[in-house]
Structure formats: structure tokens, C-alpha cells
Amino acid sequence: QVQLVESGGGLVQPEGSVRLSCAASGTIFRIYAMAWYRQAPGEQRELVAHITGSGGITYKDSVKGRFTISRDPAKNTVYLQMNSLKPEDTAVYYCSADLSLTFDGARISYWGQGTQVTVSS
């Protein structure tokens, strides 16, 4: 069974920083990409940042210059460094991974349980 576990969320002041971590475990042949999504109350889930196995990165426009996604392939872990946080960044942040379980296996998306980030003074 594949499991994604997020950590690092919590309460942070505006202009503050926090780093989220997400570790994927289980029987995994290949990870094609990992990403961070977020969902605020009353809003749909949206992509925040995405990183491929080859290092290609995509960000939501509103977080460019403030957030940085990175990965540690040896640990099957992805990070999201969030700086200059704003109240509108408040949301549940979800980690996802697109991966295959075998060489010939399909590419499947897995999701973590989410971690709350609250930006407030």
C-alpha cells in the first residue's frame, strides 16, 4: 500500500515562513511527479506547485517568488517552502504523487491526508 504523509503545517503570522514535507512510502516503482494542492473553505482544490521526476517545476501564479517546491528522490519526499505568507494562503494543503507500482504499471495519483496552514496574527 502506498501512503503519503504530510507534516509541517500549523499557525503562522503574516510575512512568516513554514516548510511542509510529504513522504511517500510503500511499494513504488517510479514517481513521475509530486505536487502540492490546497483547498480553502468554500473553495475548490487548486494546484500550488508541481515538480516532475526530471526537475521541471510549475507554480500557481499567486505564489511565484514566495513558495519553493523541492524534492529528495532518495527519501521519496517533496517539500514546500512557503515564505512571505499571507492570510489568503490559509488552507488545507495536500500532497499528491503520480506514480507506478511496476515497470508496466499505469500511472496513478495518490493523495495525502492534508495539513492545515493558518496564516493569522
### Query
Bin by bin, in steps of 5 Å, what percent of the Cα pairs in the stretch 40-119 do you find, going until the bin that has the longest distance?
3, 12, 22, 26, 19, 10, 5, 2, 1
### Query
How much length is gained on full extension from residue 7 to residue 60, taking 0.36 nm per residue of separation minus their Cα-Cα distance?
17.0 nm
### Task
Calculate, for the chain, the solvent-accessible area per residue in square angstrom, rolling a 1.4 angstrom probe over the heavy atoms of the protein chains.
54 Å²
### Query
From a point 7 Å beyond the Cα of residue 111 in the direction of its Cβ, which residues of the stretch 19-56 have a backbone N at a distance under 15 Å?
35-48
## Note on the structure
Per residue, the convex hull enclosing the Cα atoms of the stretch 11-63 spans a volume in Å³ of 135 Å³
### Task
Could you pull the accessible area for residue 60 with a 1.4 Å probe, rounded to 10 Å²?
60 Å²
#### Entry: Whole-number Å³ per residue for the convex hull built on Cα positions in the stretch 45-90
86 Å³
### Task
Show which aspartates and glutamates lie in cross-link reach of residue 75 when reach means a straight Cα distance below 13 angstrom and same-chain residues fewer than eight apart are skipped.
none
### Query
Can you pull the percent of the stretch 5-121's accessible area that's carbon plus sulfur, 1.4 Å probe, other chains left in place?
49 percent
### Candidate residues 103, 67: accessible-area rank, largest first, probe 1.4 Å
103, 67
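The values are calculated or read from the model by the stated rules, or taken from the named source; none is laboratory data. Just so it is clear, the structure is predicted and the values come from calculations on it, not from any experiment. Quick reminder, even Gly has a Cβ in these numbers, built from the backbone with ideal geometry, and neighbours come from all protein chains shown. Quick note on the areas: whole protein, heavy atoms, side chains included, nothing else; ligands and nucleic acids left out. Shrake-Rupley method; radii C 1.70, N 1.55, O 1.52, S 1.80 Å.
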